[in-house]
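J.: Before anything else, here's the structure in question.
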Amino acid sequence: MEENQAFVNFSEKSSLKIALVGNPNSGKSTLFNALTGLHQKTGNFPGVTVDKKTGFAKLNATVTADFVDLPGTYSLYPKSLDESVTFEVLCNPANKDHPDITIIVADASNLKRNLFLVSQIIDLKIPVILALNMIDLVEKEGDTIDTARLSERLGVRVIAVSARKKEGIEEIKQALLQPLPVPQYDFIDLRKIAGDTIDKIRAVIHLNSDFAAFHSIHNLPEIHYLDDKPEKKAKMEAILKAAAHDTNKLQSLESVERYKVINRIVAECVFEKTEVKSETFTHKLDGILTHRIYGYAIFLIILFFIFQTIFFLAKFPMEWIEGLFVIISQWATNSLPAGEFTNLLVNGIIAGLSGVVVFVPQIALLFAFIAILEDTGYMARVSFIMDKMMRRFGLNGRSVIPLVSGVACAVPAIMSTRTISSWKERIITIMVTPLMSCSARLPVYTLLISLVVPQSKAEGFFNYQGLILMCLYLIGFIAAISAAFVFKIILKAKEKSYFIMELPVYRSPQWKTVTRVMFDKVKVFLFDAGKIIVAISVILWFLSSHAPGNRMETIEKKYTSTEMTLKYSDAERNVKISSEKLEASYAGILGKSLEPAIAPLGFDWKIGIALVTSFAAREVFVGTMATIYSADNKDNSQTVRDKMQNEINTKTNLPTFTMAVSVSLLIFYAFAMQCMSTLAVVYRETKSWKWPALQFLFMGTLAYFSSFIVYHILK
Amino acid sequence: MNKKKTLKKLSQLKIGESGTIDSFTDKEMSLKLLEMGCTPGETVTLDRIAPMGDPIAIKVSGYLLSLRKEEASTVIVSILNNN
């Protein structure tokens, strides 16, 4: 602090800014939940894909505290995005989230390693409170921690808490209102390590700690508090260039020095009862869960259960949602005046919203499972037993869950890749997951397979339709794995990939955390990806319902003539009108202009139109085919099938949907990226249009050439 | 101090075998390991090996840490042979 005083007191302020920092698995999020209750918001730190949770709580009648939950990190070294965000918030007083007080959350049952981050933050000389979490676990072991001594040695206030049991929460809130000691002395002498560089830097810019100066030796280009002071930055660059430090060596010396001090403090403050610990429970459970047979068997059962749930259980709420939107659009059609606006509202916006909300059950269910797996500590074991297998393909042990979930739906699957800490492995997982055959492809597959194998022929155990379906799923999986392998070779890693990971002790899941995760993920999807999906849906609506000039009116007029009304029933005429309108629309024109490009795959312009419209969602293919072929019942795929079956190519006088065309189309649907929702989510998860664009191109190219080859082999 | 001291790689430990960290052979890897509490002089015990032989899990600084064999091979541990 500038005044160089021993205490700071914020109790005069009406609103306090508080940041929570701590190691992963330190119970930081649980403490955050306990402090803020339901007053929470989830977002992103500006410009990066790092989750940012904020919340508030009333400390007393007049003072409100605004909390920000910073990403879990083991240190402040600028090695990853998470750490850079944490450092930036804590060190840059101009940062929007820069706190008045920082609460450091440390796992008391794993104090030594947790004190490492604690010591770095204390060295920033900012007002802190150390929340010694999971103190109940320590007591259960019969161990004791002398918190008074710890507080004295660290020079900060220490409060023992158990966030899970909600013990110590009030004490923290009260402590925020009282005068806080500001760390005065340096934990380690950084001048011994970096020499006079620290003084030189501090002469150029006002920093309130040696550690902030030391940190800039490692990380000058990334330091944002210098953004508006280029001349100072230049001076600092000159100092660092002259000093020519080996920054790796500095960091290594710093770590060793810190642990030397930490070891002394732990020896003074922690009293262990016995050497034998009840973590034998974790040890015993690991014996089963990472066993070479049981381990994989249990994981397979869990995967199967997750898959069944999101595939079959989610179906019911999804049908209710769709039903609800049908009612809403019927109501809107009937009660609003017919016209362009109602048309836009019903077929553009409401249809788009329906397409967004329908994903909610799958997202909620998948994230409930993932939250349980993470919260219990099991997810780290999944990584442990799957790492070797997945590594070969540039993937991570944690890629297994997204890939398997991709069979239900790529949207929640891609959202679940955030648990993959390596940037490269995460991007690869995101890129290849949509190749897994999702449930939206199923109606398309079913329709097309029934054209290839007319009856559901069964010979012994074989059901040919089922066999083809299984092959399609297999092809999707092989394509995903192979594409991952290719990406592994061509993608350049931003950072070195490590597998150095903590295996936390097993704990029972907390239902509050689980529901929070579900709620947050659903919200993020609805508001972030939802906007893009509704926008694209409106564009698609426009393309398929509008035509240049007055073509639409001409079609309407043609069918209102007495000749037509006598010839066809009202229902028949409506079907014919929609069919002709779709053909005349911009989507129809687009489909027709696609014909030269897709003819080598065996596709005609009618399929071209379906390719355009099914970009909204793959299953739209069936509805579009029904409209184009004037099938009178859109929901009945049997009639669509018959129409398609009987369709004769006018040029060749042969059936349009030959074996070659159908299989080619099947392959195309297996590989092509025809899902705006997935693209919207990839954009949201990578914060860049580069990745969804690349994904669209690579999957499209793969689909095109595979279909081309298949068509020409079978023709 | 007559006890024999053997140096080997962390990746070569047997399950249940302990040693103290002596040194690192990869500078960059050592930074990450130091941060996680694997400092020279610290005792490490091999807790288990993943079913496919890789990665491994070690006990260090009072917690369980998993790392790949390739990463563990950059850590030199010294083992005190009592017999």
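J.: For the stretch B:4-81, count the residues as N, evaluate 2.2 N^0.38 Å, and divide the Cα radius of gyration by that value, please.
T.: That ratio works out to 0.97.
J.: For A:Ile288 paired with B:Glu28, estimate the spin-label separation in nm (one decimal), with each label point 7 Å from Cα along the Cα-to-Cβ line.
T.: For the pair A:Ile288/B:Glu28, the computed spacing is 4.1 nm.
J.: Next question. Could you line up A:Leu300, A:Leu503 from fewest to most neighbouring Cβ atoms inside 10 Å?
T.: Least crowded to most crowded, the residues run A:Leu300, A:Leu503.
J.: In degrees from 0 to 90, rounded to the nearest 10, what is the angle of the helix A:294-308 Cα long axis to the longest principal axis of chain A?
T.: On a 0 to 90 degree scale, this one is about 50.
J.: Next up: Quick check: the distance between the Cα centres of the stretch A:10-48 and the stretch A:216-278, to the nearest angstrom?
T.: Centre-to-centre distance over Cα atoms comes out at 25 Å.
J.: Pull out the extension gain between A:Thr54 and A:Lys690, defined as 0.36 nm times the separation in residues minus the alpha carbon to alpha carbon distance; nm, one decimal.
T.: Between A:Thr54 and A:Lys690, full extension yields an extra 226.0 nm.
J.: Please sort by residue number the trypsin sites (Lys or Arg not before Pro) in the stretch A:350-438 whose DSSP state is loop and whose Cβ has at most 13 other Cβ atoms within 10 Å.
T.: Loop-located and lightly packed - A:Arg392.
J.: If you rank A:Asp82, A:Asp642, A:Asp69, A:Asp246 by fewest surrounding Cβ atoms within 10 Å, what's the result?
T.: Ordered from fewest to most neighbouring Cβ atoms within 10 Å, A:Asp82, A:Asp642, A:Asp69, A:Asp246 come out as A:Asp246, A:Asp642, A:Asp82, A:Asp69.
J.: Quick one: if the Förster radius is 60 Å, what FRET efficiency do A:Arg191 and A:Thr701 give, using the C-beta to C-beta distance and rounding to 0.05?
T.: Efficiency, rounded to the nearest 0.05: 0.55.
J.: As a check on your grasp of the helix formula, calculate [θ] at 222 nm for the protein assembly as shown: sum -39500 (n - 2.57) over DSSP H runs of n ≥ 4, divide by the residue count, round to the nearest 500.
T.: Value at 222 nm, helices only: -16500 deg cm²/dmol.
J.: Follow-up. Put a dot 7 Å past each Cα toward the Cβ at A:Thr554 and A:Gln645; how far apart are the dots in nm?
T.: 3.6
J.: Another one. Could you tell me how many degrees, from 0 to 90 and to the nearest 10, lie between the Cα long axis of helix A:676-686 and the main elongation axis, the longest principal axis, of the Cα atoms of chain A?
T.: 20
J.: Once you mark the chymotrypsin sites (Phe, Trp or Tyr not before Pro) that are in a DSSP loop and have at most 10 other Cβ atoms within 10 Å, what is the longest gap between them in chain A?
T.: A:186-460
J.: What FRET efficiency do you get for A:Phe271 and A:Asn95 if R0 is 56 Å and r is their Cβ-Cβ distance, rounded to the nearest 0.05?
T.: So the FRET efficiency works out to roughly 0.90.
J.: Something else about it: For helix A:551-560, report the angle its Cα long axis makes with the longest principal axis of the Cα atoms of chain A; keep it between 0 and 90° and round to the nearest 10°.
T.: That works out to roughly 50 degrees.
J.: May I pose another question? Hey, fewest Cβ within 10 Å first, where do A:Glu170, A:Glu322, B:Glu35 land in order?
T.: Fewest to most other Cβ atoms nearby, the residues stand as A:Glu170, A:Glu322, B:Glu35.
J.: Taking the Cα-to-Cβ direction at A:Lys315 and at A:Glu12 and moving 7 Å from each Cα, how far apart do the two end points lie in nm?
T.: Between A:Lys315 and A:Glu12, the label points sit 6.7 nm apart.
J.: Here's another thing I want to ask about it. If Lys and Arg each add +1 and Asp and Glu each add -1, what is the summed charge of the other residues whose beta carbon sits under 13 Å from the beta carbon of A:Phe369?
T.: -1
J.: So, one more: Working out 0.36 nm times the residue gap between A:Cys471 and A:Gln174, then minus their Cα-Cα distance, what length gain in nm do you get to one decimal?
T.: That works out to 100.6 nm of additional length.
J.: May I pose another question? Provide the gained length on full extension for the span A:Val538 to A:Ser561, in nm with one decimal, where the gain is 0.36 nm per separating residue minus the Cα-Cα distance.
T.: 5.1 nm
J.: Something else about it: Which part of the stretch A:474-495 falls in the paramagnetic zone of B:Ser73, meaning amide N under 14 Å from the point 7 Å along Cα-to-beta-carbon?
T.: Taking a point 7 Å out along Cα→Cβ of B:Ser73, no residue of the stretch A:474-495 has its backbone N under 14 Å.
J.: Something else about it: Evaluate E = 1/(1 + (r/R0)^6) for A:Val261 and A:Glu231, where r is the Cβ-Cβ distance and R0 equals 35 Å; express this FRET efficiency to the nearest 0.05.
T.: 0.40
J.: With only alpha-carbon atoms counted, please give the Rg and Dmax of the stretch A:517-714, in Å.
T.: Rg then Dmax for the stretch A:517-714, in Å: 18.8, 62.
J.: Mind listing which trypsin sites (Lys or Arg not before Pro) in the stretch B:1-48 are in a DSSP loop and have 14 or fewer other Cβ atoms within 10 Å?
T.: Counting only loop positions with at most 14 other Cβ atoms within 10 Å, the trypsin sites (Lys or Arg not before Pro) in the stretch B:1-48 are B:Lys3, B:Lys14.
J.: Further, regarding this structure: Can you give the percent of C-alpha pairs in the protein assembly as shown whose distance is more than 38 Å?
T.: Tail of the P(r) past 38 Å holds 49 percent of the pairs.
Coordinate-derived values only; no laboratory data. Values in this document were obtained by computation on a predicted structure and should not be read as measured data. No Cβ is skipped: glycine too gets one built from the backbone with ideal geometry, and neighbour counts run over all protein chains shown.
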